[in-house]
1. List the pairs from K13/K112; K13/K52; K52/K112; K73/K130; K13/K97; K52/K79 whose alpha-carbon separation is above 32 Å, in the order I gave them.
2. Take the alpha carbon atoms of segment 72-120, find their center, do the same for segment 2-63, and report the distance between the two centers in whole angstrom.
3. Kirkwood Rh over Cα pairs of the chain into Stokes-Einstein at 25 °C, 0.890 mPa s: D in µm²/s?
4. For E20 and K148, FRET efficiency with R0 = 30 Å and r from the beta-carbon atoms, rounded to 0.05?
5. Would you grab the residues whose amide H sits under 5 Å from the one on V100? Only those 5+ places off in sequence or on another chain, please, with H modelled 1.01 Å from N.
6. In nm, what is the difference between 0.36 nm times the number of residues separating H44 and K79 and their Cα-Cα distance?
7. So if each residue of separation counts as 0.36 nm, and I subtract the Cα-Cα distance between R55 and S106, what length gain in nm does that give?
8. Please tell me the relative contact order of the chain in percent, rounded to the nearest whole number, where contacts are Cα pairs under 8 Å and at least six residues apart.
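What follows draws every value from the coordinates through simple rules; no lab data is involved. Model, not experiment: these values are computed from the prediction. Because the Cβ atoms are built from the backbone with ideal geometry, glycine has one as well, and the counts that use them run over all protein chains shown.
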Amino acid sequence: MTFLRIILAEAPKIEMEHEEDEYTFSTDGGTLVARDVSSDAFEHWLGEDTLKIARKKFKKLDYALVIEDISVKGDEQQKGIGSALMKAVEDEARKQKYPVILLNASPTGYVKNGKHTSMPLPKLVAFYKKHGYEELHGQGRNVVMYKKLK
Ligand SMILES: CC(C)(COP(=O)(O)OP(=O)(O)OC[C@H]1O[C@@H](n2cnc3c(N)ncnc32)[C@H](O)[C@@H]1OP(=O)(O)O)[C@@H](O)C(=O)NCCC(=O)NCCS
């Protein structure tokens, strides 16, 4: 069953689509995809080493909302769209009583002014830190991060 809601609280206006375990937040120029992950899927998603660290950190880790992807078109970046998407997913996660949000900071390429580029990992990590996320485990080219919601 698909559930569609328009989040009007803040500009830019963000639409949320919820289908089974997947949440898609979208607005002009940007999209964020998050997934409900339960204990069975943690190893697949986090990898064995990170899962061990996560199990120590969160004494109980039964389920979480995982941000799988966030992307804002190159020419639309640094206008607050990414931040609005991060706020929308957090508001929804709190509403749905998720104990934690997890994400894997891993720069993906985008086109800006006609040129293909990507945001360096430290800048991406700084972006998530600004939104209250902390580092769980660095894996070289990516960093798994989390935000506890209660
Ligand atoms: C990461 C991303 C979603 C941020 O979206 P955004 O709409 O630009 O973010 P906001 O405008 O809300 O926030 C801007 C902040 O992000 C950072 N930022 C965004 N784009 C940046 C860029 N091209 N270079 C450097 N820093 C950048 C800055 O830290 C800025 O912080 P400031 O306000 O202190 O200057 C966007 O840059 C993106 O889509 N990147 C490419 C895809 C990607 O790597 N996704 C992550 C997958 S894990």
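1. Details: K13/K112 23 Å; K13/K52 39 Å; K52/K112 38 Å; K73/K130 20 Å; K13/K97 23 Å; K52/K79 37 Å.
In this structure, K13/K52; K52/K112; K52/K79 lie more than 32 Å apart at Cα.
2. Taking the Cα centre of each part, segment 72-120 and segment 2-63 sit 12 Å apart.
3. Values: Rh = 15.9 Å.
Estimated diffusion coefficient is 154 µm²/s.
4. On the way: r = 25 Å, r/R0 = 0.84.
E(calc), rounded to 0.05, equals 0.75.
5. L65, L149
6. Numbers: separation 35, 0.36 × 35 = 12.60 nm, distance 3.42 nm.
Residue separation times 0.36 nm, minus the Cα-Cα distance, leaves 9.2 nm.
7. Numbers: separation 51, 0.36 × 51 = 18.36 nm, distance 2.18 nm.
Here the answer is 16.2 nm.
8. Numbers: 249 pairs, mean separation 28.9, N = 150.
In percent, rounded to a whole number, it is 19.
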